[in-house]
Amino acid sequence: VQLQAFGGGLVQPGGSLRLSCAASGIIFRLYEMTWYRLASGKQRELVASLSSGGSANYADSVEGRFTISRDNAKNTAYLQMNNLKPEDTAVYYCNSRSYSRNYWGQGTKLTVSS
């Protein structure tokens, strides 16, 4: 099983970026996909999750700015991030979970700075 997260980078405040998480080795459509982030000096935060049935949940801090989606045909989950703020700076991780199976990808770093 492999999850590859990519798409991070340096963005100015107010900018947009899309993260991707490509999965292999799992029946992707059966898994809930979640994005977490870990900022320096802070605890890991759940950013957004998307169930296999299509139900999405967001942290209050990103509600209305971030959108999680998935393409089951491509085994890929996405996190569209708009109106980025410096406090969104973190390493972003994707997670896939189905019953007792729980997998993590490597992180991709987002820096929001002018």
Checklist entry - Is it the case that some residue within region 1-14 is closer than 15 Å to Asn82 by Cβ, polar (S, T, N, Q) and either open to solvent by 20 Å² or more (accessible area, probe 1.4 Å) or without any contact (Cβ under 8 Å) to a residue 12 or more places away in the chain (or both)? => result yes
Next on the checklist: Can you tell me which of (1) closer than 13 Å to Gly8 by Cα; (2) in contact with a helix residue (DSSP H, G or I) (Cβ under 9 Å, 6 or more places away or on another chain) is the one Thr76 doesn't meet?
Outcome noted: (1)
Checklist entry - Which one is surrounded by the most Cβ atoms within 10 Å (Cβ to Cβ), of the residues in region 38-79 that are touching a Gly at 6+ places or on another chain (Cβ under 9 Å) and of a type outside the set (Phe, Trp, Tyr)? => result Leu79
Checklist entry - What are the residue pairs meeting all of these: first residue in region 98-111, first residue under 13 Å from Ala23 (Cα atoms), second residue of a type in the set (Phe, Trp, Tyr), Cβ atoms under 7 Å, and 6 or more apart or on different chains? => result Trp104/Tyr93; Gly105/Tyr93
Next on the checklist: Which count do you get for residues in region 80-90 that are free of Cβ contacts under 8 Å to residues at least 60 places away in the same chain and either open to solvent by 10 Å² or more (accessible area, probe 1.4 Å) or charged (D, E, K, R) (or both)?
Outcome noted: 3
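The values are calculated or read from the model by the stated rules, or taken from the named source; none is laboratory data. Model, not experiment: these values are computed from the prediction. So basically every Cβ, Gly included, is an ideal-geometry build from the backbone, and we count neighbours across all protein chains shown. The accessibility values were calculated without ligands, DNA or RNA, using every heavy atom of the protein model including side chains. Shrake-Rupley method; radii C 1.70, N 1.55, O 1.52, S 1.80 Å.
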